[in-house]
Amino acid sequence: MAPLTPRPRLGTSLLRLFTVQGSWNYEYMLGLGIGVAEEPLLRDLPGGPGGAAYHAALGRGTHFFNAHPYLAGLAVGAAARAEHDGASPEQIERLRTALAGPLGSLGDRLVWAGWLPFAAGLAIAGIALGLGWTAVAGFLVVYNAGHLALRWWALRAGWAHGTRVPTALHHPGLRRAMAFTAPAMALALGLALPLGASYLAAPFAAGGRIALAGGTALGLVLLWWRPMNLTGLRLGLTLIAAALVAGWVWR
Amino acid sequence: MSIALYRVDDRLIHGQVVVGWGQPLDASFIVLVDDTVRASDWEQDLYRMGVPPHIEVIFASVDEALRRLPEWEAERRVGILLTGDLDTMAALARGSNRVGKVNVGGIHHRQGRSERLRYVYLTDAEAATLRAIAARGVDVTAQDVPTARAVPVGEFT
């Protein structure tokens with residue numbers, strides 16, 4: 001097994017991973033950004049930067065790839081480690097392909113459907129309870145602490161395990177996080193929704209509150225009735241348009 | 001309810017499948033048909049991690065899938081059948097008359113492929129494979145997520 005790359009290289013790779021979403025396009029998705037993030041970890045390959053091994057590995061690193069951006073470091077670290085360990089190009093391609101979907105799905109559930117709404121729910125509840133900017137600052141600290149820790153863990157775990165990276169995904173900490181975020185998110189949003197609605201409806205008269213409640217109930221029914229055609233965004237934009245028209249007619 | 005979606009997606013199990021399609025269809029099982037994944041424990045392990053615990057993942061080779069399609073079609077639960085490439089879906093469509101609709105959900109860039117839709121890149125041979133599947137009477141459309149328009153095969157091949 002190759003000696004561990006000095007930590008500063010992992011640090012550089014981590015910094016580059018912050019830009020990975022900026023590289024997204026339909027052709028390669030995150031591929032180009034993944035290659036850029038992997039590059040510092042490939043400089044110690046036989047022949048060094050400019051060598052054949054480095055160029056071939058970097059080329060593979062930029063192939064089509066997609067995953068959750070916070071967990072993409074796992075693939076970056078694992079692919080780079082596999083290159084150092086002499087895995088075949090086919091093995092590395094297979095590893096990248098197999099990691100893409102699960103890392104996307106895990107990240108979506110852990111972050112977009114878990115950690116982010118959890119932290120946002122707590123912040124909304126805090127604002128509704130009068131904490132003001134303290135709640136906003138708390139959100140930024142809590143959310144970013146979680147996502148920075150996840151990014152760093154993912155990159156290190158990928159680098160430590162290489163082609164055996166599936167083992168890393170069985171890490172008890174990750175399992176505990178998966179088990180925690182879903183109920184915590186439900187609790188936070190369950191707290192935030194009534195408090196937030198009450199906070200936002202406070203300036204309105206009784207008629208406005210009834211219209212708000214009616215619009216919410218109608219939206220829930222429509223989302224339940226037409227889940228294949230309707231999204232929360234489309235519904236929200238439609239309701240905003242309806243409210244603007246109603247406000248213009250009755251001004 | 002049986003298999004509600006026959007999908008070709010080179011990313012196999014990911015968010016669009018599990019959340020985008022799985023939730024509105026209320027899918028309880030996913031059949032992943034791929035000879036290589038069927039033979040690889042570590043890849044199966046990874047793909048299982050991508051789905052929530054209430055969704056069962058069944059890994060099958062093409063031969064196993066052809067044998068078990070009647071069983072899955074008779075299921076009372078709703079399922080999604082996934083293949084990672086067109087040849088596998090073509091083999092299923094050739095070997096069974098139960099494949100009535102094929103959803104092209106994502107075939108991405110690779111050398112030799114050209115862009116047909118933002119999420120569909122095909123070689124000329126792959127486009128011909130899709131037309132051949134459609135010629136068997138299968139309704140072939142491209143649609144990445146349920147809220148997008150289903151693009152008929154004639155518009156992108």
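Bear in mind that the values in this text are calculations on the coordinates, not laboratory data. Because the structure is a prediction, the values reported are computed rather than measured. Cβ placement follows ideal geometry from the backbone for every residue including glycine, while neighbour counts extend to all protein chains displayed.
Table for the structure above
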| quantity | calculated |
| --- | --- |
| Span from the segment A:67-126 Cα centroid across to the segment B:1-65 one, whole angstrom | 18 Å |
| Per DSSP, loop trypsin sites (Lys or Arg not before Pro) in segment A:1-87 with at most 16 further Cβ within 10 Å | A:Arg43 |
| Sequence-distant residues sharing a close amide H with B:Asp139 (under 5 Å, placed H) | B:Lys101, B:Val102 |
| Amide N of segment B:60-83 lying under 19 Å from the label point, which is placed 7 angstrom from the Cα of B:Asp41 along Cα→Cβ | B:60-61 |
| Spin-label zone in segment B:37-74 - amide nitrogen under 16 Å from a point set 7 Å from the Cα of A:Ala186 along the C-beta vector | B:52-55 |
| Formal net charge of residues neighbouring A:Gly158 (Cβ-Cβ distance under 13 Å; K, R +1; D, E -1) | +2 |
| Label-point gap, in nm, between A:Ala137 and A:Leu212 - each point 7 angstrom along Cα→Cβ | 2.8 nm |
| Reduced Cα scattering model of the protein assembly as shown, Debye log10 I(q)/I(0), q = 0.07, 0.09, 0.13 Å⁻¹ | -0.39, -0.64, -1.20 |
| Shape of segment A:106-161, Cα gyration tensor, a/c cut at 1.5 | oblate |
| Exposure proxy ranking, count of Cβ atoms within 10 Å, fewest first, for A:Leu195, A:Leu233, B:Leu122, A:Leu129 | A:Leu233, A:Leu129, A:Leu195, B:Leu122 |
| Cα-derived Rg over Rh, computed across segment B:2-155 with Rh taken as Kirkwood radius | 0.93 |
| Net dipole in debye of segment B:69-120 [+1 Lys, Arg Cβ; -1 Asp, Glu Cβ; about Cα centre; nearest 20] | 200 debye |
| Per-residue average of Cβ from other chains inside 10 Å of B:98-108 | 1 |
| Segments B:128-134, A:48-54, B:39-45 sorted - mean Cβ within 10 Å per residue, highest first | B:128-134, B:39-45, A:48-54 |
| Distribution of pairwise C-alpha distances over segment A:204-251, 5 Å bins, in % | 5, 20, 24, 26, 14, 8, 3, 0 |
| Segment B:27-81: trypsin sites (Lys or Arg not before Pro) falling in loop per DSSP and having at most 16 other Cβ within 10 Å | B:Arg76, B:Arg77 |
| Per principal axis, descending, Cα span of segment A:7-203 in whole Å | 67, 32, 27 |
